[in-house]
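The values are calculated or read from the model by the stated rules, or taken from the named source; none is laboratory data. Remember, it's a predicted structure, so these values are computed and weren't measured experimentally. Here the Cβ positions follow ideal geometry from the backbone for every residue, glycine too, while neighbour counts run over all protein chains shown. The accessibility values were calculated without ligands, DNA or RNA, using every heavy atom of the protein model including side chains. Shrake-Rupley method; radii C 1.70, N 1.55, O 1.52, S 1.80 Å.
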Amino acid sequence: MRTKVSIRGLQLYGHHGLEDAERHLGQRFLFHVECRLNDVDSHLDDRLQHSVAYDALAAEIAAVSAAKKFHTIEALAEAVARALLSSHPCIEAIDVGVAKYSPPMPYLLDAASVEISLARTEFFGSS
């Protein structure tokens, strides 16, 4: 059985960006994370051991975002993916999307976003 666990729409305030103003003032970021878990025969035992707690995922995403001021949201997304793969052995692969609102540019848009995908085999193979 294949299982996906997702966090959608996690809003965090962060100080990421290339511009000094972004890094100083900060802005709102939106995270979407989808974890593909190791195959299991069943979840009928109704225990969390073959899955991951949503609150743990959200707390770790927040911790990664708060720990460092990233220049790019690509680097932020990859740091989140690597952290979650490191701390949750049941995650086989992960997709992390990060969007930032009001990027400093002379165009009107809802958000600028990236999505990265990282598999456990890529992560441990790339040390």
Out of all the residues in region 60-81, which are open to solvent by 60 Å² or more (accessible area, probe 1.4 Å) and either within 16 Å of residue 117 (Cβ to Cβ) or touching a Phe, Trp or Tyr at 6+ places or on another chain (Cβ under 8 Å) (or both)?
-> 74, 78
Within region 82-127, the count of residues that are open to solvent by 70 Å² or more (accessible area, probe 1.4 Å), among the acidic types (Asp, Glu) and touching a residue at least 12 places away in the same chain (Cβ under 8 Å) comes to 2
